[in-house]
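Written below as structure tokens is the structure these notes are about.
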Amino acid sequence: MVIDPRASAATAAARPPQPGNASPPPSPALRLALGRGEVERVQQFKYLGQQLTSTGALEAELGRRMGMAAGAFKRLWGRGVLKDRAVPLQHRLSLYRQVVLGTLLHAAAESWALSASQLQRLDTFHVQRLRRIARLPRGPDGASNATVLAATASVALSALLIARRMAWLG
């Protein structure tokens, strides 16, 4: 059993058995007792607002965070805040960065070990929202991602995460 050091005192995350390896029930030596009770083994749990899994996979947490950020964007867009051309683009982008990116990257995103495909998902999410705020055309004849980032004075989220990670590490 591997215990996640970030687990609360009442919960421990145990690695599931490898596929094809039928493992017997845990021996008494592998059980974790706290007080008079045994700590429950779970596959996933929420700790400090982040969904943690026993395997350390981030796909569920990334999907959850992207859903929350998309909801925040939709609410701001629906209220007209992000689409009102009377509001200067810089103010709309600032609000987007504070609310939407704050929601997306909350809970120690600097510590996420993301795969290339997950970084691509984040970059796509970011550029799509920026394109919509700046009202730049989509499609093959539309503005490229580099053009969108330049027009909004933004960087790709993958680059932002690397910069945050470097600042976090000192």
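The values are calculated or read from the model by the stated rules, or taken from the named source; none is laboratory data. Keep in mind that this is a model prediction, so the values were computed, not measured. All Cβ positions, even for glycine, are placed from backbone atoms using ideal geometry, and neighbour counts span all protein chains on display. SASA here: full protein model, heavy atoms, side chains in, ligands and nucleic acids out. Shrake-Rupley method; radii C 1.70, N 1.55, O 1.52, S 1.80 Å.
Enter the accessible area per residue of the stretch 76-129 (Å², integer; probe 1.4 Å; all protein chains in place).
Result: 51 Å² of accessible area for each residue.
Which ³J(HN,Hα) values in Hz, rounded to whole numbers, follow from the phi angles of the stretch 81-93 under the Karplus curve 6.51 cos²θ - 1.76 cosθ + 1.60, where θ = phi - 60° and Gly and Pro get x?
5, 7, 9, 6, 6, 6, 7, x, 4, 4, 5, 5, 5
So how much accessible area does Glu38 have, in Å² to the nearest 10, using a 1.4 Å probe?
100
Out of the stretch 104-170, which trypsin sites (Lys or Arg not before Pro) are coil in DSSP terms and have no more than 12 other C-beta atoms within 10 Å?
Those satisfying the criteria are Arg135, Arg138.
Give the ranking of Trp77, Trp112, Trp168 by solvent-accessible surface, highest area first, calculated with a 1.4 Å probe.
Trp168, Trp77, Trp112
In square angstrom, rounded to the nearest 10, how much accessible surface does Thr103 have for a 1.4 Å probe?
Thr103 exposes around 30 Å² with every protein chain in place.
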